[in-house]
Amino acid sequence: MMGSVAALVGAVFFAISQMQTRKLGKKVHFLVPPFYQAIFSAFIAPLLMILFLRYRVAQTTHYGIFEIFMIICISICMFGAQVFNTKAYQNDKAGRVAPVNQLQLIFNWVIDFLIIGTVPTSSALIGGILIIGSNLIISVLRCFNIIK
């Protein structure tokens, strides 16, 4: 339940940020939003970590070389995703970019299967097919100007 609520809140925040990026358009350089997001995160994340980790008494996390390497890789990938998302929403309509952005589900499944070996559940496959299928239908309809 909490994971679904967190995903919903994250989706709302992402939608608001992309709408604002689209509204700014090309008035702002495409590296400015990721820069300000990084600055904001650098100040807020430690405060939230202190708050949330203070009440976690049962275990302490120890980071090794592998964990530190993975965190650095995650940071690099998230920065790249933010930069390219910002550039995409600045240069094209959100109705065209959003369906393409949903391809991250397919990439996530493929990479997860190849590297970790996780097989998606049937409900995850059905949900992904519904999301990607509806986005593809909307994209095709917009391409032929059937809907605007």
- Quick shape check on region 39-148: root eigenvalues a ≥ b ≥ c of the Cα gyration tensor, a/c under 1.5 is rounded, otherwise prolate if a/b tops b/c, else oblate, and it reads prolate
- To the nearest 10 degrees, the tilt of helix 2-24 (Cα long axis) against the first principal axis of the alpha carbons of the chain is 60
- With K93 itself left out, Lys, Arg at +1 and Asp, Glu at -1 over residues whose Cβ is under 9 Å from its Cβ give +2
- Describe numerically, in nm with one decimal, the distance between label points set 7 Å from Cα along Cα→Cβ at H29 and at S134. 3.9
- Task: May I ask for the equivalent-ellipsoid semi-axes of region 1-91, computed as the square root of five times each C-alpha gyration tensor eigenvalue and listed largest first in whole Å?
- Result: 29, 17, 13
- Message: Straight-line reach from K26: which aspartates and glutamates fall under 12 Å, measuring Cα to Cα and dropping same-chain residues less than 8 apart?
- Response: D92
- FRET efficiency, Q20 to L114 (Cβ-Cβ, R0 35 Å, nearest 0.05): 0.50
- What FRET efficiency comes out for the pair I126/F84, r = Cβ-Cβ distance, R0 = 30 Å, nearest 0.05? 0.55
- Using alpha carbons only, what's the Rg to Rh ratio of region 93-148 with Rh from Kirkwood? 1.09
- Query: For the chain, modelled as a Gaussian network with Cα springs under 10 Å, which listed residue fluctuates most, G64, G25, G127?
  - Reply: G64
- Query: In nanometres, what is the gap between the two model label sites at M70 and M49, each 7 Å from Cα along Cα-to-Cβ?
  - Reply: 1.6
- Message: So for the chain, averaging the separation of alpha carbon pairs under 8 Å that are six or more residues apart and normalising by length, what relative contact order in percent results?
- Response: 30
- Query: So what is the calculated 222 nm ellipticity per residue for the chain, using -39500 (n - 2.57) for each DSSP H run with n of 4 or more, over all residues, to the nearest 500 deg cm²/dmol?
  - Reply: -25500 deg cm²/dmol
- Placing +1 at every Lys and Arg Cβ and -1 at every Asp and Glu Cβ, with all other atoms neutral, what dipole size does the chain have around its Cα centre, in debye to the nearest 20? 680
- Ordered by packing density, taken as the mean number of other Cβ atoms within 10 Å over each peptide's residues, highest first, how do 28-39, 135-146, 3-14, 89-100 rank? 89-100, 28-39, 135-146, 3-14
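No lab work stands behind these numbers, since they all come straight from the coordinates. Just so it is clear, the structure is predicted and the values come from calculations on it, not from any experiment. Don't worry about glycine lacking a Cβ; one is built from the backbone with ideal geometry, like all the others, and counts go over all protein chains shown.
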